[in-house]
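Participant: Following this message is one structure expressed as structure tokens.
Values in this text are rule-based calculations from the coordinates and carry no lab data. For clarity, every value in this text was computed on a predicted model and none was experimentally measured. Note: ideal-geometry Cβ built from the backbone for every residue, glycine included; neighbour counts use all protein chains shown.
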Amino acid sequence: MNNRVKNVTLPAADVKRQSLVLTPAENLKGFLGYHLGRFLLFLITCTSVLAVLLIFIFVIKEALPFLSQYSITDFIFKNAWYPQAEPGVFNGLALIVGSLYVTAIALIFAVPIGVIAAVFLSDIVNIRIRNIVKPIIELLAAIPSVAYGFFAVLVLAPWLQSKMGLTTGTNAFNAGLILGVMALPTIISVSEDSISAIGREMREASYGLGATRVETIFKVVVPAAYSGIMAAVVLGMMRAIGETMVVWMASGNAAQIPGPWWDITQSVRTITATVAGEMGEAVHGSIHYHSLFGMGVLLLIFTFFLNILSEFFLSREKKKLGK
């Protein structure tokens with residue numbers, strides 16, 4: 001057998017493709033493609049930032065006529081919202097308190113359940129079951145809010161009236177409970193990711209010192225994931241405070257501060273429900289119209305603060321994990 005290797009002449013096209021030296025035209029093409037791609041990505045990023053800034057500018061611009069004519073202290077700290085009166089009264093304390101009521105109820109319901117569910121998915125349940133259950137939980141976020149609102153009005157409200165003897169089923173408790181369900185996917189998903197990111201080393205060190213599984217979870221793992229869990233709670237709070245349809249349909253829309261303060265079975269009205277319900281009725285350019293944008297500014301400031309708070313906790317979590 002002839003073991004000699006014959007010389008093989010490659011086609012000119014193959015030699016050109018294997019060349020490590022670029023021609024001036026290829027070098028220019030690569031240079032332009034690289035910088036054009038960077039410019040397009042930069043343009044897309046700037047477009048997103050510009051859109052947010054324009055929203056802020058538009059809302060503040062429309063709110064300025066109201067804020068320049070009406071006392072801001074009365075607007076925030078006094079309780080009387082009568083836009084149809086002559087002259088109109090625009091004191092938003094009851095709306096602010098109503099928003100805080102339903103958000104607090106939602107967090108009281110969602111935070112313990114969400115954290116326990118996250119611990120269950122990360123440290124207790126089998127990985128196969130986790131890979132099935134977690135996507136299903138995250139799908140709850142895809143359900144339209146109006147569907148939750150219909151459930152609150154047609155199912156939960158009559159049940160509260162018949163089983164608990166309430167005078168009305170559309171109240172702060174109803175709205176807060178549904179908001180808690182809507183906030184659960186965010187709290188569970190972010191908390192579970194944070195708890196899973198702790199790693200096995202800390203768990204094994206705890207077991208090596210003689211700690212039980214329960215002690216390891218609640219005295220080692222959960223405190224180590226505190227920043228991530230707090231970020232999940234803040235994100236869930238943002239979902240609750242900014243929701244519109246559910247609170248519009250299920251809260252009762254009564255611009256009042258519950259008395260006594262702990263009576264969550266009374267009807268309330270939130271900032272978002274007020275803006276959604278009255279914007280279509282307000283005359284364009286009227287003081288009522290601009291007052292709703294004033295409420296929008298207040299809501300933007302509050303959600304912006306919550307966003308910064310969540311970023312703070314997330315950055316702490318990344319530093320802790322060395323990212």
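Participant: Under a point-charge model restricted to the Cβ atoms of Lys and Arg (+1) and Asp and Glu (-1), what is the dipole moment magnitude of the chain relative to its Cα centre, in debye to the nearest 20? Don't jump to the answer; show the numbers that get you there.
Facilitator: Numbers: 23 positive and 18 negative charges, 331 e Å.
Value, rounded to 20: 1600 debye.
Participant: I've got another one for you. Would any residue of segment 50-68 have its amide N under 20 Å from a label point 7 Å out along Cα→Cβ of ALA276? List them or say none.
Facilitator: Inside the label zone: 59.
Participant: Classify segment 20-69: rounded, prolate or oblate, from the alpha-carbon gyration tensor (a ≥ b ≥ c, eigenvalue square roots; a/c under 1.5 rounded; otherwise prolate if a/b is larger than b/c)? Provide the component values of the computation, followed by the final result.
Facilitator: Working: a/c = 10.78, a/b = 7.45, b/c = 1.45.
Prolate.
Participant: So if I take the centroid of the Cα atoms in segment 287-314 and the same for segment 193-233, what is the distance between those two points in Å?
Facilitator: 34
Participant: A further question on this structure: Enumerate lysine pairs in the chain that are 8 or more residues apart or on different chains, then count those whose Cα atoms are under 29 Å apart.
Facilitator: Taking the chain as the scope, the lysine pair count is 12.
Participant: Sum -39500 (n - 2.57) across every DSSP H segment of at least 4 residues in the chain, then divide by the residue count to get the 222 nm mean residue ellipticity, nearest 500.
Facilitator: The helix contribution divided over the chain gives -22000 deg cm²/dmol.
Participant: Could you bin all the Cα-Cα distances of segment 93-320 into 10 Å bins starting at 0 and give me the percent of pairs in each, rounded to whole numbers?
Facilitator: Once binned at 10 Å, the Cα pair distances of segment 93-320 give 8, 28, 30, 21, 10, 3, 1.
Participant: If I require 30 Å or longer along the helix axis, counting alpha carbons, and a Kyte-Doolittle average no lower than 0.5, what helices from the chain are left? Use full DSSP H segments. Numbers along the way, then the final one.
Facilitator: On the way: long enough: 24-69 (66 Å, 1.28); 93-119 (38 Å, 2.49); 172-196 (34 Å, 1.24); 287-320 (50 Å, 0.73).
Helices meeting the criterion: 24-69, 93-119, 172-196, 287-320.
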